[in-house]
Amino acid sequence: MWRWGGVVLGVFLCVLVGLSACSRTQYRYHVVRPGETLSEIGYAYRIPYQKLAALNGIHNPDRIEAGQRLRMPHGARYNRSRAATARSSRSRSEKRHARSRWRSKAPAAHQPIPKDTEKLFSWPLNGRLTSRFGPRNGSFHDGIDIAAPAGTPVRAAAAGRVIFSDALRGYGNVVIVKHANGFTTVYAHHQRNLVKDGQAVQRGDVVGEVGETGRVTGPSLHFEVRSGKNARNPLHYLRPVRHATQQK
């Protein structure tokens, strides 16, 4: 009888040890929130982002998506205060970077039409094209202007993430959206911005309303397409179905 009791006890201890070993190797998961970066997540968990990338088989740490589940080492704990600090720091950095874009040298007006753009962007609103890209009144116009009634919804030209939603001298209320292909689009003179920094947007989402803020002579949208710091002619990148009429 004692022998059977000893066997049962031994089996129980083995199972208990096995469960304990399993618990030590269990992982917790973090679901990526819109606008989060791997470095921010690593900072919040006190884990180097390179380690998180290796643990999750991520080859490009800059390419993670909202809703993606990231495996975390056992014992990792999310610190909300550190996460907020990381977001605030990124927001300040991106705003400084966004402002620096307007200090870049203006490109030549007659750029060759890109062969591989596949018309990346949709028209941001219906309206009348009143000013083109290129030299204008002794300066250089980095985008196009589309006149429309005040309050007309302005829509994102493609999917991306808002990296700036605030006011800039000359541009008034402006929204800047960063896209996965290295391009950014700019929407200026809004009477109201309707998106926030870090917000993910899809093609066609409303980002603001046509207004007259900044240097402008009437309700209109100033729209830019940029690759890195270089302003590009938006008409080379917009889809061929025209939603704006030419200026007479």
Could you tell me whether the range 72-80 includes any residue that is closer than 30 Å to residue 173 by Cα, of a type outside the set (A, V, I, L, M, F, W, C) and at pLDDT below 85?
-> no
Quick count over the range 135-160, residues being in contact (Cβ under 8 Å) with a residue 24 or more places away in the chain, out of contact with any Asp or Glu (no Cβ under 9 Å at 6 or more places or on another chain) and crowded, with 16+ Cβ neighbours inside 10 Å, is 7
Being over 30 Å from residue 65 (Cβ atoms), within 19 Å of the chain's Cα centre (by Cα) and either at pLDDT 90 or above or in a strand (DSSP E or B) (or both), is that true of even one residue in the range 163-180?
-> yes
The range 34-55, subset free of Cβ contacts under 8 Å to residues at least 60 places away in the same chain and out of contact with any helix residue (DSSP H, G or I) (no Cβ under 9 Å at 6 or more places or on another chain), residue surrounded by the most Cβ atoms within 10 Å (Cβ to Cβ) | 55
Please find, within the range 193-229, the residue that is nearest to the chain's Cα centre (by Cα) out of those that are among the polar types (S, T, N, Q) and surrounded by fewer than 21 Cβ atoms within 10 Å (Cβ to Cβ).
-> 199
Residues of the range 190-201 being among the aliphatic types (A, V, I, L, M) and assigned to a loop (DSSP other than H, G, I, E, B), in sequence order, are 194, 195
Leading residue by the ranking (farthest from the chain's Cα centre (by Cα)) among those in the range 58-87 that are polar (S, T, N, Q) and not in a loop (DSSP other than H, G, I, E, B) | 81
Flag for residue 164 being over 17 Å from residue 35 (Cα atoms) and either in contact with a helix residue (DSSP H, G or I) (Cβ under 8 Å, 6 or more places away or on another chain) or assigned by TED's automatic domain parsing to the domain that holds residue 64 (or both) | no
By residue number, the members of the range 126-162 that are among the small types (Gly, Ala, Ser), more than 24 Å from the chain's Cα centre (by Cα) and within 19 Å of residue 234 (Cα to Cα) are 127, 131, 134, 139, 147, 148
Can you tell me which residues in the range 202-247 are within 18 Å of residue 163 (Cα to Cα), assigned to a loop (DSSP other than H, G, I, E, B) and either touching a strand residue (DSSP E or B) at 6+ places or on another chain (Cβ under 7 Å) or modelled with pLDDT of 90 or more (or both)?
-> 202, 203, 204, 205
For the range 42-57, does any single residue satisfy the condition of being under 27 Å from the mean Cα position of the chain (by Cα), farther than 30 Å from residue 177 by Cα and modelled with pLDDT of 75 or more?
-> yes
Boolean, residue 182 is farther than 26 Å from residue 62 by Cβ and in the same structural domain as residue 220 (by TED's automatic domain parsing) | no
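The values are calculated or read from the model by the stated rules, or taken from the named source; none is laboratory data. What you are looking at is a predicted structure, and each value in this text was computed from that prediction instead of being measured. Methodologically, a virtual Cβ is constructed for each residue, glycine included, from the backbone with ideal geometry; neighbour enumeration extends over all protein chains shown.
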